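Reading through the structure tokens given below for one structure.
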Amino acid sequence: MRILIADDDPQILRALRITLGSHGYDIRTAADGAEAIRAAAESHPDLVMLDLGMPQLDGIEVIEAIRGWSAVPILVVSGRTGSSDKVDALDAGADDYVTKPFAMDELLARIRALTRRAPGAAAAGSGDPVVSFGGVTVDLAAHQVIHDDDRTPVRLTPTEWKILELLVRNPGRLVTHQELLTEVWGTHRVKETGYLRLYIGQLRKKLEPVPSRPQHLVTEAGMGYRFVA
């Protein structure tokens, strides 16, 4: 699998090239935003990993440029920890965001999660999978959630189902507030995150083993939610 890494820090580029290469990834690097766009167009990577603070073109501009012609998964790896930076990157089209310094195990897990849902991958969401977690099974084709112990259905409202389906179809990926609100309620509700908190809370009561300590419908503070199978 080909990964394009764009960062203006040569030490980070070298470390990631060596580490990810040892895990079987084919690595190409770029030292600035303009080079990143050229490399993405020429090499057609399976994943783009980029920093936000780069010369010539910053990370947001690179994301917007790539999104003009490609749906390749984009993982931002940046030292910027502010929620506004994260929201800007995700709104521009990034799929996930990791802050520096990062644990390599977490980075590898994020890569695996994003590439599972890349175009042509088995988990890209083109089919209707059956997913089990926390003592329940979600059958996307049948639009049904079943308790594993006694095979009784879990009753969800249409809105609860829409939210759950969007999360389950994107395992491991951060699904932003804006994406959820737009998909479920439309663009006129993109600022009303209170709706999401209410429905996520209801879903946790119905699906999480311990709703107050969710393990599967996980909050990413200030950004959105992530389904962890």
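General observations
- The lone criterion from (1) on the phi < 0 side of the Ramachandran plot; (2) touching a residue at least 12 places away in the same chain (Cβ under 8 Å) left unmet by residue 213 is number (2).
- For residue 72, the conditions (1) touching a residue at least 40 places away in the same chain (Cβ under 8 Å); (2) over 20 Å from the mean Cα position of the chain (by Cα) all hold with the exception of (2).
- Looking at 220, 183, 192, 160, just one residue is over 28 Å from residue 108 (Cβ atoms), among the acidic types (Asp, Glu) and touching a residue at least 24 places away in the same chain (Cβ under 8 Å), and that residue is 160.
- Residue tally, condition buried (at least 19 other Cβ atoms within 10 Å of the Cβ) and under 17 Å from residue 3 (Cα atoms), over the range 53-93: 11
Quick grid of which residues meet (1) at pLDDT 90 or above; (2) of a type in the set (Ser, Thr, Tyr); (3) part of a helix (DSSP H, G or I):
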site	(1), (2), (3)
163	yes, no, yes
178	no, no, yes
196	no, no, yes
200	yes, no, yes
229	no, no, no
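- Evaluation of residue 24 against the conditions (1) within 21 Å of the chain's Cα centre (by Cα); (2) within 26 Å of residue 171 (Cα to Cα); (3) not hydroxyl-bearing (Ser, Thr, Tyr) shows that the sole unmet condition is (1).
- Residue list for the range 16-47, filter: out of contact with any Gly (no Cβ under 8 Å at 6 or more places or on another chain), surrounded by 14 or more Cβ atoms within 10 Å (Cβ to Cβ) and closer than 21 Å to residue 105 by Cβ: 16, 17, 19, 20, 25, 46, 47
- Strands (runs of 3 or more DSSP E) (entirely within the range 48-155) containing at least 2 residues that are modelled with pLDDT of 85 or more and closer than 29 Å to residue 191 by Cα: 74-78, 96-99
- Test: residue in the range 165-186 that is in contact with a strand residue (DSSP E or B) (Cβ under 9 Å, 6 or more places away or on another chain), within 27 Å of residue 94 (Cα to Cα) and among the aromatic types (Phe, Trp, Tyr): no
- Candidates 136, 130, 168, filtered to the one that is under 29 Å from residue 107 (Cα atoms) and touching a Pro at 6+ places or on another chain (Cβ under 9 Å): 168
The values are calculated or read from the model by the stated rules, or taken from the named source; none is laboratory data. Just so it is clear, the model here is predicted, and its values are computed rather than measured. Reconstructed Cβ throughout: ideal geometry from the backbone, glycine too, with neighbour counts over all protein chains shown.
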